[in-house]
1. Any residue in region A:131-149 that is within 13 Å of chain B (Cβ to nearest Cβ) sitting within a Cβ distance under 7 Å of a residue that is buried (at least 17 other Cβ atoms within 10 Å of the Cβ) and of a type in the set (Ser, Thr, Tyr)? List the pairs, counting only those 6 or more apart or interchain.
2. Within region B:236-264, which residues are among the aliphatic types (A, V, I, L, M) and touching a Ser or Thr at 6+ places or on another chain (Cβ under 7 Å)?
3. Taking residue A:96 as the residue in question, decide whether it is hydrophobic (A, V, I, L, M, F, W, C), in contact with a Pro (Cβ under 6 Å, 6 or more places away or on another chain) and not in a loop (DSSP other than H, G, I, E, B).
4. Out of (1) within 22 Å of residue B:178 (Cβ to Cβ); (2) outside any loop (DSSP other than H, G, I, E, B); (3) among the basic types (Lys, Arg); (4) within 14 Å of chain B (Cβ to nearest Cβ), what's the single condition that is false for residue A:103?
5. Considering only region B:220-244, state which residues are closer than 27 Å to residue A:140 by Cβ and part of a helix (DSSP H, G or I).
6. Only residues that are in a loop (DSSP other than H, G, I, E, B) and at pLDDT 95 or above: list them for region A:141-159, please.
7. Do you know which residues across region B:234-258 are out of contact with any strand residue (DSSP E or B) (no Cβ under 7 Å at 6 or more places or on another chain) and β-branched (Val, Ile, Thr)?
8. What helices (runs of 4 or more DSSP H) completely inside region B:1-94 contain at least 2 residues that are modelled with pLDDT of 95 or more?
Amino acid sequence: MNMRRRFIRLSMLTALLLVCGSAVLAEEKPAPEPYYEWKVEGFAINAPIGGLVGNPENGRKIAVARKKGNCIACHVMPILEEEFNGNVGPPLTGVASRLKEGRIRLSIVDEKQINPMTVMPGYYRDPRHFNQVRKSFKGKTVLTAQEIEDVVAYLMTLK
Amino acid sequence: MKMIEPNNKRLMAALLPLMLLGALNLTHAWQDAKSGYEFMTPESRAMQDDDFENPGMLTVDEGQTLFITTAKNEMTCGSCHGDDGSKLDIERITQYPVYSETLKKPITLRNQIHICWNERLQNPPMKKYNDPRAIALETFVRHQAHGKPVNVDIDGPLKPYYEAGKAFYNRRAGQLDMACTHCHSYFPGSKLRAQTLSQGHSNGFPTYRLANSKVNGLHERFRQCQHQFRAKALKAGSDDYVNLELYINAIGKGLEIETPAVRY
């Protein structure tokens, strides 16, 4: 446990350094977003990742896009212009009246914390823990922190 | 573990069956092996069943042509196996991958074809496991066993390779961090966007895929699935894929060979 805390503190420090570092470089090229640590409390991540504010319209687009969330591959969602919705996972229609925001965020960030055997990808897990990743995705989370918050904001509109 | 809090009873109830499955280390969630055929639409099934409609039959014909093409040593595959393949050992074909005493490891049906190509016909070796000629020959050869049950034997020397294949099948990989088992043993019959998931069997291979309009070898399909969950795909013919083929043939033991099947 102690090790883990130290690890988290270390990573937060790294994140901080990355943020400061990128501010300096900001004018040259857009800096890659840092990996923000997150914390699970009672099956929820209550604080928005990186303190970012989500945009629900953007979140809706991400949920559809194959190369982003591709959530509709597995979930029925109220997105009528899409012909095909999968049913590997439960329907997300009305999800915000069933689940609190923090619980929804945890599901998206890392459903394995709730069900270790799930098929659902962890969209914001520490990329160092993956195995045998295709080259172009190495060291990257599936969605950025901003995209996670966008999707959370969109799901919160599904009452 | 702190993650599971006892007051979260509903969640526990939902998770319990899954945990039990995990604890028992069950290989797959389904009881009876079902061919991918059963998960296809009636139109695609009809296409597979009609030799004149099935585009894979063109590859069978290409394979037949290669089978009777004379090599520099004046021989053809047909010299030993019959021009129409009628002297091939059909029972043996259903058993691949088999253990090679010479190579001291499992070899696939495709490996055997490469071996005969190199050693019996003394042709210049094909550079790739997936050479289109090898795929065509395999399609022709396995078509000869159409309707016969897959009959791999994992009780002998193949056991450790089977175990390695099983471990691979269940190991998460890629940025999406999935294993074969997640889609093919827990969700056959469910929809993944527009596609119906099957149990992921090998009995139809080499298979004509409507998605890329060609006949695909089994290892190509492995690569396509790994690519989907953003894992680093391995080389066709690699040891890991041979072990995986062994494992998949074993869980689909008894399914009828459908080569060339038609799949999405």
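1. A:141/A:35; A:141/A:123; A:141/A:124; A:142/A:123; A:143/A:123; A:143/A:124
2. Here is the first cut: in region B:236-264, the ones among the aliphatic types (A, V, I, L, M) are B:236, B:242, B:244, B:246, B:248, B:250-251, B:255, B:257, B:261-262.
Selection gives B:242, B:248, B:251, B:255, B:257, B:261, B:262.
3. On the way: hydrophobic (A, V, I, L, M, F, W, C): yes; in contact with a Pro (Cβ under 6 Å, 6 or more places away or on another chain): no; not in a loop (DSSP other than H, G, I, E, B): yes.
No: the conditions fail for residue A:96.
4. (1)
5. Residues satisfying the conditions are B:220, B:221, B:222, B:223, B:224, B:225, B:226, B:227, B:228, B:240, B:241, B:244.
6. Taking region A:141-159 first, the residues in a loop (DSSP other than H, G, I, E, B) are A:141-144, A:156-159.
If the condition is that a residue be in a loop (DSSP other than H, G, I, E, B) and at pLDDT 95 or above, then A:141, A:142, A:143, A:144, A:156, A:157, A:158 are the ones that fit.
7. Residues satisfying the conditions are B:248, B:251, B:257.
8. Numbers: elements: B:9-24, B:42-49, B:56-67, B:77-81, B:90-93.
So the answer is B:42-49, B:56-67, B:77-81, B:90-93.
The values are calculated or read from the model by the stated rules, or taken from the named source; none is laboratory data. Since the structure is predicted, the reported quantities are computational estimates derived from the model, not experimental observations. Reconstructed Cβ throughout: ideal geometry from the backbone, glycine too, with neighbour counts over all protein chains shown.
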